[in-house]
Amino acid sequence: MDVESVPFFIEEGRDRNKCLNETKVTYQQGNASCITYLGCEAEVSLCTINGMGHTWPGRQTYSPKTCERNPDGILCKAWVDNIGALNQDINANQEIWAFFMKHTLNESIA
């Protein structure tokens with residue numbers, strides 16, 4: 001099964017929305033940054049977080065119950081070693097909500 005990368009989908013979005021090859025930094029905090037492509041028919045943005053593991057941006061704790069019960073235990077440490085670092089430089093929940101509040105559907109479409 002082939003899985004396309006994020007840059008592939010961003011390029012697709014840029015082409016579909018006729019974006020210029022210019023960007024503007026629209027968010028920067030710590031290791032998190034977002035760029036937005038200019039001149040698009042619809043907004044095309046990409047946010048990246050350098051050094052973050054495979055976790056949800058903005059999450060305060062690791063999810064397995066093992067870490068809640070024993071954060072210094074061997075199982076929790078193994079989980080953290082494999083999943084990677086948490087990051088609060090951007091909150092994915094807030095960003096997703098802001099996106100949908102900004103880009104509401106027309107009632108005739110919804």
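No lab work stands behind these numbers, since they all come straight from the coordinates. Keep in mind the model is a prediction, meaning the values are calculated, not measured. FYI the Cβ positions are ideal-geometry reconstructions off the backbone, even for glycines, and counts take in every protein chain you see.
What the table below lists for this structure:
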| quantity | calculated |
| --- | --- |
| Total formal charge among the other residues, if their Cβ is under 12 angstrom from that of Gln29, Lys/Arg +1 and Asp/Glu -1 | -2 |
| Projected area averaged over orientations for the chain, convex hull of C-alpha atoms, nm² | 10.1 |
| Per-residue Cβ neighbour rank within 10 angstrom, fewest leading, Arg14, Arg59, Arg69 | Arg69, Arg59, Arg14 |
| Computed [θ] at 222 nm, deg cm²/dmol, the chain (DSSP H ≥ 4; -39,500 (n - 2.57); rounded to nearest 500) | -9500 deg cm²/dmol |
| All lysines inside 22 Å of Lys65 as judged from Cα atoms, apart from same-chain residues fewer than 8 positions distant | Lys77 |
| Amide H contacts under 5 Å for Tyr27, placed H, 5+ residues apart | Cys34 |
| Reach of Lys24 by Cα under 23 Å, taken over lysines that are not fewer than 8 positions away in the same chain | Lys102 |
| Proximal charge balance of Asp89 [Cβ under 13 Å; K/R count +1, D/E count -1] | 0 |
| Computed over the chain: relative contact order in percent, which uses C-alpha pairs under 8 Å that are six or more apart | 20 |
| On Cα atoms only, tilt of 6-16 relative to the major axis of the chain in degrees | 10 |
| Between helix 74-83 and the chain: long-axis angle, C-alpha atoms, 0 to 90°, nearest 10 | 20 |
| Fewest-first sequence of Trp79, Trp97 by Cβ atoms within 10 Å of each Cβ | Trp97, Trp79 |
